[in-house]
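Engineer: Dropping a structure here in structure tokens format, bear with me for questions.
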Protein chains: 2
Amino acid sequence: MNYVTNKAGRKIPEEINGEPVIPYMGVGGYRPSGNRYGPPVSSCRDYPPDGNKLVDSLREALERSGLRDGMTISTHHHFRNGDLLANQVFDLAHEMGVRGLRWFPSASFPCHAHLIPYLEDGTIERIEGSMNGPLGKFVSEGKMKGTGVLRSHGGRYQALQDGEVNIDIAVIGAPTADPFGNANGLYGSSACGSLGFALADSRYADKVIIVTDHQVDFPCIPWQIHGNDVDYVVKVDKLGDPAQIVSGTTRITRSPDRLLLAELTARFCDAAGIIKNGFSFQSGAGGTSLAVGEYFKQIMKEKGIRARFARGGSNRYLVSMLEEGLIDYLLDGQTFDLEGVRSLAENPNHVWTSPFTSYNYHGKGNFAGLVDVVILGATEVDMQFNANVVTHSDGYLLHGIGGWQNCLFSKTVILPIPLFRDRIPVLRERVTTLCGPGELIDVIVTERGIAINPLREDLIEATKNSALPLKTMEELKAEADRICGKPYGPLLDDRVVAVVKWVDGTVLDSVNQVQSTL
Amino acid sequence: MNYVTNKAGRKIPEEINGEPVIPYMGVGGYRPSGNRYGPPVSSCRDYPPDGNKLVDSLREALERSGLRDGMTISTHHHFRNGDLLANQVFDLAHEMGVRGLRWFPSASFPCHAHLIPYLEDGTIERIEGSMNGPLGKFVSEGKMKGTGVLRSHGGRYQALQDGEVNIDIAVIGAPTADPFGNANGLYGSSACGSLGFALADSRYADKVIIVTDHQVDFPCIPWQIHGNDVDYVVKVDKLGDPAQIVSGTTRITRSPDRLLLAELTARFCDAAGIIKNGFSFQSGAGGTSLAVGEYFKQIMKEKGIRARFARGGSNRYLVSMLEEGLIDYLLDGQTFDLEGVRSLAENPNHVWTSPFTSYNYHGKGNFAGLVDVVILGATEVDMQFNANVVTHSDGYLLHGIGGWQNCLFSKTVILPIPLFRDRIPVLRERVTTLCGPGELIDVIVTERGIAINPLREDLIEATKNSALPLKTMEELKAEADRICGKPYGPLLDDRVVAVVKWVDGTVLDSVNQVQSTL
């Protein structure tokens, strides 16, 4: 395999899975050409005149879709760790003797460890998509035949839109659907809220199968997935495990350390003048992020401030802010709990979004740049604010990119991170895997101080007289190293097991096989 | 010019405007190949990082979009006869000295007679789209340089989707929009309800300009047009004349003749067993169609029947049925009055549709086939139930196709038509222009009797013992001819001034120049 060093100084293969790659050229450095992909022209002459696309089984739908060796099969991850569908799809493929498939999920979860035997026996050649937990370990150990490709949510949309990846068959689990294929995620026992991650699949896949466990008469309202994009509809008993799809209660962290990070983050935003009337924010559904939201809420209530919108995954905390009038609109990318599902179904100001609206870098703009402040995580950060979100410092690929890269285009990007985890420092000379260029990352909040990217002179100026514990990256790193000792790099083999794409489809970094400890 | 005779027996040119055509091959006879069109890949690098796409004027937006000779410019017709925008676009083009444009409206109205001087001086080379009233007369008299192309609403979507027509610049009037380009038609002084006819333009045009007279902060909710498809946003004082955009009151016909047609139509549907629980219907916003709806309402109330959905243009009559619980869902293609606009904004069961959902023949099905009964008009019908909807019997092109052709795929198609208009019989040996194949048209309702298409043995059987005045087409025609005398055909020249496309993009018929009466 030949390698090339890209603009970020990272060594990447010249081709991946037999196809040439475009090396990362810097933020905004790559200018795409050509036209978006258009799926094959279909005709109503080939679809049931009465619109009834029901077939008897998922197997029949796969057969009619022409499932065969080497195809690309996609699924969405709105059922999270409660997904029963993706596993069934590959059980059937295996049963049918199909081999060499590319699985193109919007994300994978520990429940998909079920697929490891199919990666081993050649049913699945490779996964392109996040490989959390067990699948990531499998890949890191060099056991997957093909090379993994990690894309952000926006990058996945971009890859489909631009024809970089063609899905042969999209299998879309739909908590509610009609026989024409109109579908939403709002009702039924597998209700998961928004189905936004399946939008690109429904638009760009050659064949689209809707699988539902809650069939309604036409028209299924609202139709987040348009039946006009759908080939077959299958009724099954159960799409997923409701308890694992949405949690009954999302929970704010109780860890004093993480609460401190959250509080410092909120105080920073306040001091920097970010929390003001009409502002907007995005923070995740993790315990720390939820806590940041609650501190925002306190500040907003105290000062009588109202946000124009919050973006990101919805949960009961954001719903309560919407319902209390602290936020005008909730722009929802994925719905994390039952309160989120209820609100999305009921409240016209709680609006679903998709990677197309929010993240696609090859659109005519996207929502990311309109968000005033975004709170993200990271596994490692270096002195230039470059960050890693997919591998741990031991080299294991344990997380997906999600919307993380896409959110870096927000006006202010803050990473609240502990200085060390399990006595392993988070601040590094060099991140194991580069996922986000430091020029887009503005602030690091740690329990021992806050570092502002020198590029953000405005933020430095705005907070210079605050009581915040402002430090340089170097000071923070020295402190961590004093406590933990100077960290070692991971032990990696030469073999590239996966690559990390940038939001524009170029290759930002490689993930190498972790050295066997034998 | 060379001609060919298509499957419908109609003589059509082998090429139109320099491009070869595909002759009509019968209903479902043409199998398309190739892929859908994808517009050029864009990149966020070329759009404002903060999402603010406002430019100072429509002229600036047109200049930045690269307006030049020979381009295709599209507009939508949701402002109907109150549209001020399309005229402004071509005023500017004329001012800028641009020539040879193709105007690709979703429909044109009498207010667009303003553009006749630009058709004369070469600013506009041709119109592809309906040419109602004065523009139709202009074309019929052979005064337009290029050949007109008439498409149904669904055919227009198909042509864009399949890349048969590429829009260079779409100018989309939006009653409400934010600076990112998200837009809807629900609020503001130019509120027009749904913007569904602009959907294809926003998706497939190379450059998309949103023009609004009611700017709101991001996010404009709901976003029927996605800002992610938009290049520039322009704020103007006034998009249209509100009184001409939506009527304060749509009105049921008071003509006793037309009321009789409406009553007979409703009675036929009742006798045929079409009006039953869970049924669906579509009827237009013309006086007779509205009256059919009111008769339906009476029957439904008497019998305690509830419809699953009504499709088509919305108006206060349909809104009242929705609000009274007689219809579960109103699937709205265009919003005809203020009550329709109010309901669409307020009621989650009043849902906008688009030519993509409802009419596109090159989709994976569309809604038309799911509608139990559709009530349409016609200018002429022949003995095989073939019908004309664009020209009058004198040959003048005075109407667009609208959704008419698309609706023919509904389960039962009924044309309530007078036997004669101004002593000119509507039933003919041969229709002047063929717009709809008779095999798709089921019933003709006239004031002197009802004729059922012999292909519909089920309807003949269902109504044979009814008290309805059932007759054959031949009987009805003989009656009309007895009263009016045998009709003459129109006096037409050889020159083809426009063609009528079928829903699949093939050419169904030609429209010839009307002979000068000099």
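Each reported figure results from applying straightforward, stated rules to the coordinates on display, with no laboratory input. This one's a predicted model, so the numbers in the text were calculated from it and none came from an experiment. Every residue, glycine among them, receives a Cβ derived from its backbone with ideal geometry; neighbour counts consider all protein chains shown.
Engineer: Using a simple charge model, +1 on the beta-carbon of Lys and Arg, -1 on the beta-carbon of Asp and Glu, nothing else, what dipole does the range B:32-245 show about its Cα centre, in debye to the nearest 20? Write out the running numbers ahead of the final one.
Structural biologist: On the way: 19 positive and 26 negative charges, 106 e Å.
Roughly 500 debye for the range B:32-245.
Engineer: A further question on this structure: To the nearest Å, what is the center-to-center distance of the range B:356-402 and the range A:294-362, using C-alpha atoms only?
Structural biologist: When both Cα centres are located, 44 Å separates them.
Engineer: Okay, next question. What lysines does A:LYS137 reach when the alpha-carbon gap must be under 16 Å and sequence neighbours fewer than 8 apart in one chain are set aside?
Structural biologist: A:LYS145
Engineer: Among A:PRO48, A:GLY181, A:LEU160, whose Cα projects farthest towards the positive end of the dipole of the protein assembly as shown, with charges put on the beta-carbon of Lys, Arg (+1) and Asp, Glu (-1)?
Structural biologist: A:GLY181
Engineer: Counting only other chains, and only Cβ atoms inside 10 Å, what mean value do you get across the residues of B:363-375?
Structural biologist: Values: counts 10, 19, 18, 6, 7, 3, 8, 10, 1, 0, 0, 0, 0.
Average neighbour count from other chains, rounded to a whole number: 6.
Engineer: Check cross-link reach from A:LYS364 to the aspartates and glutamates: straight Cα distance under 17 Å, and skip same-chain residues fewer than eight apart.
Structural biologist: By straight Cα distance, A:LYS364 reaches A:ASP162, A:ASP504, B:ASP46, B:ASP50, B:ASP168, B:ASP178, B:ASP201, B:ASP206, B:ASP229, B:ASP231.
Engineer: Here's a follow-up. 7 Å along Cα→Cβ for the label point: how many nanometres lie between A:ASP481 and each equivalent label in the other copies, listed shortest first?
Structural biologist: 10.3
Engineer: Show that you can apply the helix-only estimate: for chain B, add -39,500 (n - 2.57) for every DSSP H stretch of four or more residues, divide by all residues, and state [θ] at 222 nm to the nearest 500.
Structural biologist: Working: 15 runs with 127 residues, N = 518.
Using -39500 (n - 2.57) per qualifying helix, the result is -6500 deg cm²/dmol.
Engineer: Over 20 Å intervals from 0, what percent of Cα-Cα pairs in the protein assembly as shown sits in each interval?
Structural biologist: 13, 42, 32, 12, 2, 0
Engineer: Please compute, for peptide B:216-227, the average count of beta-carbon atoms on other protein chains lying within 10 Å of each residue's beta-carbon. Walk me through the numbers before you get to the answer.
Structural biologist: Numbers: counts 0, 4, 8, 13, 1, 8, 2, 3, 0, 0, 5, 7.
Across B:216-227, the average partner-chain Cβ count within 10 Å equals 4.
Engineer: Same structure, new question: For the peptides A:468-474, B:41-47, what is the packing order when you average, over each peptide's residues, the other Cβ atoms within 10 Å and list the highest mean first? Walk me through the numbers before you get to the answer.
Structural biologist: Numbers: A:468-474: 16.3, B:41-47: 19.6.
With the highest mean Cβ count within 10 Å placed first, the list reads B:41-47, A:468-474.
Engineer: To the nearest 10 degrees, how steep is helix A:85-95 against the longest Cα principal axis of chain A, on a 0 to 90 scale?
Structural biologist: 50 degrees
Engineer: Given a Förster radius of 22 Å and the C-beta distance between B:LEU455 and B:ARG31 as r, what FRET efficiency does 1/(1 + (r/R0)^6) yield to the nearest 0.05?
Structural biologist: Details: r = 23 Å, r/R0 = 1.06.
E(calc), rounded to 0.05, equals 0.40.
Engineer: Across the range B:252-262, in residue order, what do the Karplus-derived ³J(HN,Hα) couplings come to in whole Hz, using 6.51 cos²θ - 1.76 cosθ + 1.60 with θ = phi - 60° and x for Gly and Pro?
Structural biologist: 6, 4, 9, 5, x, 5, 6, 4, 5, 4, 5
Engineer: Which listed residue (B:PRO32, B:LEU119, B:GLN88) has the Cα farthest towards the positive end of the charge dipole for the range B:1-159, taking +1 on Lys and Arg C-beta and -1 on Asp and Glu C-beta about the Cα centre?
Structural biologist: Value: B:PRO32.
Engineer: Let me ask another. What ranking of A:THR75, A:THR379 emerges when the number of other C-beta atoms within 10 Å of each C-beta is taken as an exposure proxy, fewest first? Before the final figure, lay out the partial values.
Structural biologist: Details: A:THR75 30, A:THR379 23.
Least to most surrounded, the residues fall as A:THR379, A:THR75.
Engineer: Leaving out same-chain residues fewer than 8 places away, which aspartates and glutamates sit with a Cα under 19 Å from that of A:LYS301?
Structural biologist: Cross-link targets: A:GLU263, A:ASP270, A:GLU323, A:GLU324, A:ASP328, A:ASP372.
Engineer: Pairs of Cα atoms under 8 Å, at least six residues apart: use those to get the relative contact order of the range A:132-259, whole percent. Display every interim value, and only then the final one.
Structural biologist: Numbers: 221 pairs, mean separation 31.3, N = 128.
Reported as a whole number, the value is 24 percent.
Engineer: Here is a follow-up. How many nm is it between the label spots at A:ASN349 and B:ASP237, if each spot is 7 Å from the Cα in line with the beta carbon?
Structural biologist: 3.4 nm
Engineer: For A:PRO48, place a label point 7 Å from Cα along the Cα-to-Cβ direction in every copy; what are the distances to the other copies, in nm, shortest first?
Structural biologist: 4.9
Engineer: Further question on the same structure: Using only the alpha-carbon atoms, how far is helix A:473-484 inclined from the longest principal axis of chain A? Give it as 0 to 90 degrees, nearest 10.
Structural biologist: Tilt of helix A:473-484: around 90 degrees.
Engineer: Give me the Å³ per residue figure for the convex hull around the C-alpha atoms of chain B. Display every interim value, and only then the final one.
Structural biologist: Values: hull volume 72.5 nm³, N = 518.
With only Cα atoms used, chain B gives 140 Å³ per residue.
Engineer: Further, regarding this structure: Can you work out which chain B residue has the shortest Cβ-to-axis distance for the rotation that carries B onto A, and give it in Å?
Structural biologist: Residue of B nearest the axis onto A, distance in Å: B:GLY38, 2.
Engineer: What percent do you get for the relative contact order of the range A:256-509 when only Cα pairs under 8 Å and 6+ apart count? Mind dumping the intermediate values first?
Structural biologist: On the way: 496 pairs, mean separation 42.0, N = 254.
Worked out over the range A:256-509, it gives 17 percent.
Engineer: Taking each residue in A:501-510, count the Cβ atoms of any other chain within 10 Å of its Cβ, then average. What number comes out? Please list the in-between numbers first.
Structural biologist: Numbers: counts 0, 0, 2, 4, 1, 0, 0, 0, 0, 0.
Averaged over the peptide's residues, the number is 1.
Engineer: Could you pull the copy-to-copy label distances for B:ALA467, with points set 7 Å along Cα to Cβ, in nm to one decimal and sorted shortest first?
Structural biologist: Label-point separations across copies, in nm and ascending: 8.9.
Engineer: Also, quick follow-up: In the structure displayed, which of A:LYS143/A:LYS477; B:LYS143/B:LYS501; B:LYS276/B:LYS471 lie more than 23 Å apart, Cα to Cα?
Structural biologist: Details: A:LYS143/A:LYS477 35 Å; B:LYS143/B:LYS501 21 Å; B:LYS276/B:LYS471 25 Å.
Cα-Cα > 23 Å for A:LYS143/A:LYS477; B:LYS276/B:LYS471; rest within.
Engineer: Binning at 5 angstrom from zero up to the longest distance, how are the C-alpha pair distances of the range B:275-369 distributed in percent?
Structural biologist: Spelled out per bin, shortest first, that is 3, 15, 25, 25, 19, 10, 3, 0, 0.
Engineer: Let me ask another. I need the trypsin sites (Lys or Arg not before Pro) found in the range B:173-276, filtered to DSSP loop residues with at most 10 other beta carbons within 10 Å of theirs.
Structural biologist: Details: sites: B:ARG203, B:LYS207, B:LYS235, B:LYS238, B:ARG251, B:ARG254, B:ARG258, B:ARG267, B:LYS276; in loops: B:LYS238, B:ARG251, B:ARG254, B:LYS276.
In loop regions of the range B:173-276 (DSSP not H, G, I, E or B), the sparsely surrounded trypsin sites (Lys or Arg not before Pro) are B:ARG254.
Engineer: Could you size up the charge dipole of the range B:225-285 around its Cα centre, putting +1 on the beta carbon of Lys and Arg and -1 on that of Asp and Glu, and report it in debye to the nearest 20? The partial results should precede the final answer.
Structural biologist: Details: 7 positive and 7 negative charges, 61 e Å.
Around 300 debye, computed over the range B:225-285.
Engineer: In addition: Below 8 Å, C-alpha to C-alpha, sequence gap of six or more: please give me the relative contact order for the range B:288-340 in percent. Mind showing how you got there, number by number?
Structural biologist: Working: 70 pairs, mean separation 19.6, N = 53.
Value for the range B:288-340: 37 percent.
Engineer: Label-point separation (nm) for A:ARG495 and A:SER189, each offset 7 Å from Cα along Cα-to-Cβ?
Structural biologist: That separation, rounded to one decimal, is 4.3 nm.
Engineer: Let me ask something else. Hey, quick one: spin label on A:MET96, modelled 7 Å out along Cα-Cβ, who in the range A:159-175 has an amide N within reach, i.e. under 20 Å?
Structural biologist: It comes to A:166-174, nothing else.
Engineer: While we're on this one: Based on the alpha-carbon gyration tensor of the range B:432-518 and its eigenvalue square roots a ≥ b ≥ c, which shape applies: rounded if a/c is under 1.5, prolate if not and a/b is larger than b/c, or oblate? Display every interim value, and only then the final one.
Structural biologist: On the way: a/c = 4.58, a/b = 1.57, b/c = 2.92.
Oblate is the answer for the range B:432-518, as a/c is 1.5 or above yet b/c matches or exceeds a/b.
Engineer: Once you sort the root eigenvalues of the Cα gyration tensor of the range A:256-509 as a ≥ b ≥ c, which label holds: rounded (a/c under 1.5), prolate (a/b larger than b/c) or oblate (the other case)? Working shown, then result.
Structural biologist: Details: a/c = 1.82, a/b = 1.31, b/c = 1.39.
It comes out oblate by the Cα gyration axes.
Engineer: Next question, about the same structure. Between A:LEU419, B:SER57, A:GLN244, whose Cα lies farthest towards the positive end of the dipole of the protein assembly as shown when Lys and Arg beta carbons carry +1 and Asp and Glu beta carbons carry -1, centred on the Cα centre?
Structural biologist: Sorting the options by dipole projection puts first A:GLN244.
Engineer: With charges set only on the Cβ (+1 for Lys and Arg, -1 for Asp and Glu), what does the dipole of chain A come to about its Cα centre, in debye to the nearest 20? Display every interim value, and only then the final one.
Structural biologist: Values: 51 positive and 61 negative charges, 209 e Å.
Magnitude of the dipole: close to 1000 debye.
Engineer: By counting other Cβ atoms within 10 Å of each Cβ, how are B:LEU264, B:LEU199 ranked from fewest to most?
Structural biologist: On the way: B:LEU264 22, B:LEU199 25.
Arranged by neighbour count, lowest to highest, B:LEU264, B:LEU199 become B:LEU264, B:LEU199.
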